[in-house]
Structures are given as structure tokens and as C-alpha cells.
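Before any comments, here is the structure.
The values are calculated or read from the model by the stated rules, or taken from the named source; none is laboratory data. The structure presented is a predicted model; accordingly, all values stated were derived computationally and were not measured. For neighbour counting, all protein chains shown are included, and Cβ atoms are generated from backbone atoms with ideal geometry for every residue, glycine included. These accessible areas exclude ligands, DNA and RNA; they are computed on the full protein's heavy atoms, side chains included. Shrake-Rupley method; radii C 1.70, N 1.55, O 1.52, S 1.80 Å.
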Amino acid sequence: MKPYTAMSVEELQHELEGLRKEYRRYQALEMTLDMSRGKPCKEQLDLSMGLMDALNSDADMYCEDGTDCRNYGVLTGIDEAKVLLSDMMENNPDNIIIFGNSSLNVMYDCISRSYTHGVMGNTPWCKLDKVKWLCPVPGYDRHFGITEYFGIEMINVPMTPEGPDMDMVEKLVAADEAIKGIWCVPKYSNPQGYSYSDETVRRFARLKPAARDFRIYWDNAYGIHHLYDDHQDHLIEILAECKRAGNPDLVYKFASTSKITFPGSGIAAMATSLNNMEDIKKQMKRQTIGYDKVNQLRHVRFFKDIHGMVEHMRKHADIIRPKFEMVESIFDENLSGLEIGAWTKPKGGYFISFDALPGCAKAIVDKCKKAGVKLTDAGATYPYHKDPQDANIRIAPTYPPIEDLKTAATLFTLVVKLVSAEKLIAEKKNETVAAVEQEMDEKK
């Protein structure tokens, strides 16, 4: 088919008639499908049911060092959990702290601690006139929600397939002491599925921020969430790179088992320098005597080691890979060559990023909702929910059953065509009116 951008108003109007008829057919189906969040599906959750059998009332609840996991203590997590999570995160167990179930909670605490008590002896942010933060966009809405909650001014940094625009990052952090951090999802990023290049990671490690309390919030949420065995992205380990660059304290690195076992019942971890760890433990010992060691032990007994975890993630991939490939196939079949949208084809993670024509994202999401398919709100992938182009839409293929997903993806492409045709017709009519007015002005 001819690209929509090359069609005349008459051709677009003819196309639009058929699209509207098909859209009404979908509305009549009265569907109720939710694709708004990147949640594991039931089949993925079933993979971890063995966790419930890893410990029972007859289980040995003692760690190798004699710690009784039923009791108080062990502030930074049991050694066995540190080994398991450090292997997952590619860090030394001595640089790991094990927390509760949520890495997002850990990130919130880091911001909160910095706000009220400062970072390693620096001025608490609440006593500063202005605190700013860099936000690669499109990005993760829950990250942006934390910094917005604390009244931190967020600055958009464009994402590229290599990672954030590092020329911009380097320039901004070196020039402005008010910039205290940057959000990063370095592997299979949310929502585009991009992984940072080696050069990008090295440039992060060699940043020269004006603020001594600047930290990179390195959320490696999808570190082992590959879709393919033989086609995976690999990331340079950031803490080791920072140490080589003489910046050992620059990074807080986060991860969890939330999309590995049970969201809400997993374990979270943070890897960072020993200096940062000492600073963080000052807060932790006021906040808790220790996190859920029983759950830590349960995860260790279930997986045994990193090899068990990797094999477990292969099973996850076998469930969700067909969903990603089907969505991409439907997008290719229905939208390729029309010049009304572009989408990513990630090798891992949980999302596909779709860029519509500027000014169309909100209308697409709204029309999908009216036909029974709920998507992530347009604008959610930008700070303050303000996408300056109104173009980006996050697609979350993992949760719906595959037949429902097929219906939703097909409807989505139909709506993209419908909204795009309406927009192009309006633009072309405006251009025609403007041309007539200009011609009349010239005749005068």
C-alpha cells in the first residue's frame, strides 16, 4: 500500500471509511483487555510455585554460618543470598546489600535519605534551593514518579539505541551542581528495550559531576531477562568500570527478583562501593533490624545457584518470546511502509516502544480504551506525563493470553491507521487552505 503521507485527501478519506467501519466492529466485541503494565502472566508465575515447597515446617532454617533465619539480625542479608544476587548482578558479594521485596522501594529510600540527611556528609537536599535530576526519555514512569514526589526538577535527556545522549549528560552534570542524579535502565531499557553500548557505560563511569553527591541510579531490572539464548545483549559492569576510572562511589546499582519469581514476594538488592554502603547502613539500622531472611533462604534453596536462576529465566523466555514476536509480526504486516509509526524489536526485557506520528499518541490510547483495550497512558514515559511530541506509547505484551494479545495488537494497528489518517487529512486540508490564502494575498 502507498504510504499514508503520500496519499491525497480523497484517498485518505476513502481509507478512513473502511477503518471506521472495522473499528466499530471491534467496539461491538465489548472486550476488556489490560496491557497497561509490564506484569508476568499466570504461566510465568506458575514457574515459581516450587518456592512454596523450598521450605516447610521441617526445614533446616539455618544458614551455613549458623544464622537462624527465623530470628532477628543480619542487617545486610544472609551470605547465601548475597552470593546468589551478586552472581546475578555480576558484583562482589561484599558490595551487596539484600533488602525486602522491592528495588523501587530501595530507590525511594535512597532519594529520601539524600533529601533529609544528605549523601556521605554533603548538605541534605531539603536545605538546598534547587535539586535537579536527569531523566532519559522515553523512560520508566515509576522512576519519574519518585523524583516528582520529592519536588525534584526533572530534565529530559534523549535516549538513543546506544543509551542516553552522553554529550548532553556530560555537559549538564559538569556545569550544574544542582544536578544530583540520573535514572538509568541500562539493559533492555523501559520502554524501548535498548541496552547501553560499551562506550556509553565507560562515559558514565568517567563522568565529572560538579556535585560531589551526584549518583547514577543504575536500575538493572532486566539483567537476565533475555528473550533469546543465542541473541543477547551484554553490558559492561558499571561498578568495576567506575573503580577503574577513579570514581568508585559514583553508582547505586539496583536489581530484584520481582520478574523472576513473584512480584511483591521477591528479594531486592543493591550493589555499590563500601563507602556508599557504610553511608546507607546508617539509615538502615534505624529503619530495620533486618529484612525477611526466611524469604532470602527460600530463594537460595529454590534456585541453589546462578545456573538454576538462568535456567529458570529460559523458561520465562519460552513463554513470553512468542508474544513479542507475534506483536512485532502484526505491526510489520499492518503498518510497515505506511510511514505512520516506528517500533522497537528488543532482545529482552518487558516492553516494545511505539512512536506514532506527532500529536497522535493520546488519541490512539483513548480509542483503544474505548474499544476495550487498556494501554499505558500516553505521556507516562516522560516526566510529569508530558511527552512534548505526544508520540510515544509503551506496549506491554507479557500479561495477556496470546489470543487476546493477537486481538489487541491487531486493534492497535487499526487505531494507529485510523488516527493517523484523521490527522493527515486535517493537515492536508489546512495546507490547502493556507495555499489558497497565500495565492489570494499575492493577487492583491
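Odds and ends about this structure:
- Restricting the search to helices (runs of 4 or more DSSP H) fully inside the stretch 1-55 and requiring at least 2 residues that are more than 30 Å from Lys428 (Cα to Cα) gives 42-46, 51-54.
- In the stretch 57-75, the residues that are in a loop (DSSP other than H, G, I, E, B), surrounded by fewer than 13 Cβ atoms within 10 Å (Cβ to Cβ) and not aromatic (Phe, Trp, Tyr): Ser57, Asp58, Asp60, Glu64, Asp65, Gly66, Arg70, Asn71, Gly73
- Pairs where the first residue, in the stretch 351-369, is within 23 Å of Met159 (Cα to Cα) and open to solvent by 40 Å² or more (accessible area, probe 1.4 Å) and the second is at pLDDT 95 or above and not in a loop (DSSP other than H, G, I, E, B), C-beta under 9 Å, 6+ apart: Asp355/Gly341; Asp355/Ala342; Asp355/Trp343; Asp355/Ala361; Asp355/Asn392; Asp355/Ile393; Pro358/Lys423; Gly359/Lys423
- The residue that is least open to solvent (accessible area, probe 1.4 Å), among those in the stretch 42-56 that are over 10 Å from Ile260 (Cβ atoms) and either out of contact with any Phe, Trp or Tyr (no Cβ under 7 Å at 6 or more places or on another chain) or without any contact (Cβ under 8 Å) to a residue 24 or more places away in the chain (or both), is Leu55.
- Those residues of the stretch 151-183 which are charged (D, E, K, R) and either assigned to a loop (DSSP other than H, G, I, E, B) or touching a residue at least 40 places away in the same chain (Cβ under 8 Å) (or both), in sequence order: Glu162, Asp165, Asp176, Glu177, Lys180
- The number of residues in the stretch 306-316 that are surrounded by fewer than 20 Cβ atoms within 10 Å (Cβ to Cβ) and within 17 Å of Ala269 (Cα to Cα) comes to 1.
- Within the stretch 5-28, tally of residues that are within 26 Å of Leu405 (Cα to Cα) and touching a helix residue (DSSP H, G or I) at 6+ places or on another chain (Cβ under 8 Å): 8
- Members of the stretch 101-123 that are in contact with a Ser or Thr (Cβ under 9 Å, 6 or more places away or on another chain) and either hydrophobic (A, V, I, L, M, F, W, C) or open to solvent by less than 20 Å² (accessible area, probe 1.4 Å) (or both): Ser103, Leu104, Val106, Ile111
- Top-ranked residue of the stretch 124-141 - restricted to ones that are over 13 Å from Ser189 (Cα atoms) and not basic (Lys, Arg), ranked as surrounded by the most Cβ atoms within 10 Å (Cβ to Cβ): Leu134
- The one condition from (1) under 18 Å from Ser189 (Cα atoms); (2) surrounded by fewer than 24 Cβ atoms within 10 Å (Cβ to Cβ) that Pro400 does not meet is (1).
- Residue within the stretch 169-176 that is of a type outside the set (Val, Ile, Thr) and open to solvent by less than 10 Å² (accessible area, probe 1.4 Å) present: no
- Across the stretch 250-281, the number of residues qualifying as free of Cβ contacts under 8 Å to residues at least 24 places away in the same chain and closer than 21 Å to Tyr399 by Cα comes to 0.
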